[in-house]
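Engineer: Here's a structure for you.
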Amino acid sequence: MRKKSIVEHINNYGNARVSDLAIKFSVSEKTIRRDLKYLEGLNKLVRVTGGAVSLKNSDIGTTFSSRSKKNSISKNKLVEQAIPLIKEGDLVGLDASSSCWKLAQSLPDIKITVVTNSLRIIKALNHKKNISIFSLPGNYSRTYEGFYGLSTVIQVEKISLDIFFMSCSGFNIEGDIWDSNKINADLKRAYIKSSKSRVLIADLTKKGKASLIKICKTEDFDIIIST
């Protein structure tokens, strides 16, 4: 009965901490961890550091094409707020999110350099002659239409970006920023460390959601653009 209630709770709220579940069900944290391990084995949830997240909130395998068609109006409004943050001469980092692809499409043709692992963004900027494009190396992911891997992370770590824009799978009231997979999370952490200014772009469908991998905290960003 408790295990069933745990699954229902996590599905309702998207995620839960071990400590909170222990209090809610009046058992030890050790017991909750054992329950979560058992439930993960039944493919009912996914364990993460300090708790678990609902499979309903996981977007593992979601293609770029699918994501690019969602919430277009909301993303366009976010982009309008992001563009004024970019100044001529900037070295700009863009992750491979659909929000940053929208941003790339709307960028004015000014003298900046864009660093990205996204093939879609490279194509979107191809006709903008004043924008220099630095394509990161790596293994190509057909799902995410971008380049990933250790070589991608290493290259980002060698660059000092003026400003970096990224999106995420979700963010919660505790200030945790989540992504759906390790390759994205590792690369975004590298981008964040290599940037002087960091901007999170996330529409409200991401609010209150957790996913599989915690990237960082909201406090790691200088600006958060949301609707």
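The values are calculated or read from the model by the stated rules, or taken from the named source; none is laboratory data. Computed from a predicted structure; not experimentally measured. Note that each Cβ is placed from the backbone with ideal geometry, even for glycine, and that neighbours are counted across all protein chains shown.
Engineer: Can you list the helices (runs of 4 or more DSSP H) found entirely within segment 1-100 that contain at least 1 residues being among the hydrophobic types (A, V, I, L, M, F, W, C) and free of Cβ contacts under 8 Å to residues at least 40 places away in the same chain?
Structural biologist: 2-13, 18-25, 29-41, 72-82
Engineer: Would you confirm, using the coordinates I've provided, whether Lys182 is assigned by TED's automatic domain parsing to the domain that holds Leu119, under 23 Å from Val53 (Cα atoms) and surrounded by fewer than 20 Cβ atoms within 10 Å (Cβ to Cβ)?
Structural biologist: Against the criterion (assigned by TED's automatic domain parsing to the domain that holds Leu119, under 23 Å from Val53 (Cα atoms) and surrounded by fewer than 20 Cβ atoms within 10 Å (Cβ to Cβ)), Lys182 qualifies.
Engineer: Follow-up question, since we're still on this one. Does Phe134 meet the test of being assigned to a strand (DSSP E or B) and either among the aliphatic types (A, V, I, L, M) or surrounded by 16 or more Cβ atoms within 10 Å (Cβ to Cβ) (or both)? Outline the logic, then answer.
Structural biologist: Numbers: assigned to a strand (DSSP E or B): yes; either among the aliphatic types (A, V, I, L, M) or surrounded by 16 or more Cβ atoms within 10 Å (Cβ to Cβ) (or both): no.
Judged against the criteria, Phe134 is not a match.
Engineer: Among the residues that make up segment 151-165, is at least one of them surrounded by fewer than 20 Cβ atoms within 10 Å (Cβ to Cβ), small (Gly, Ala, Ser) and in contact with a helix residue (DSSP H, G or I) (Cβ under 9 Å, 6 or more places away or on another chain)?
Structural biologist: Looking for residues that are surrounded by fewer than 20 Cβ atoms within 10 Å (Cβ to Cβ), small (Gly, Ala, Ser) and in contact with a helix residue (DSSP H, G or I) (Cβ under 9 Å, 6 or more places away or on another chain), one finds none in segment 151-165, hence no.
Engineer: Evaluate the following for Glu8: is it surrounded by 13 or more Cβ atoms within 10 Å (Cβ to Cβ), among the charged types (D, E, K, R) and not assigned by TED's automatic domain parsing to the domain that holds Lys207?
Structural biologist: So Glu8 does not fit the description; no.
Engineer: Restricting segment 43-65 to residues that are closer than 18 Å to Tyr140 by Cα and of a type in the set (Gly, Ala, Ser), which is modelled with the highest pLDDT?
Structural biologist: Ser65
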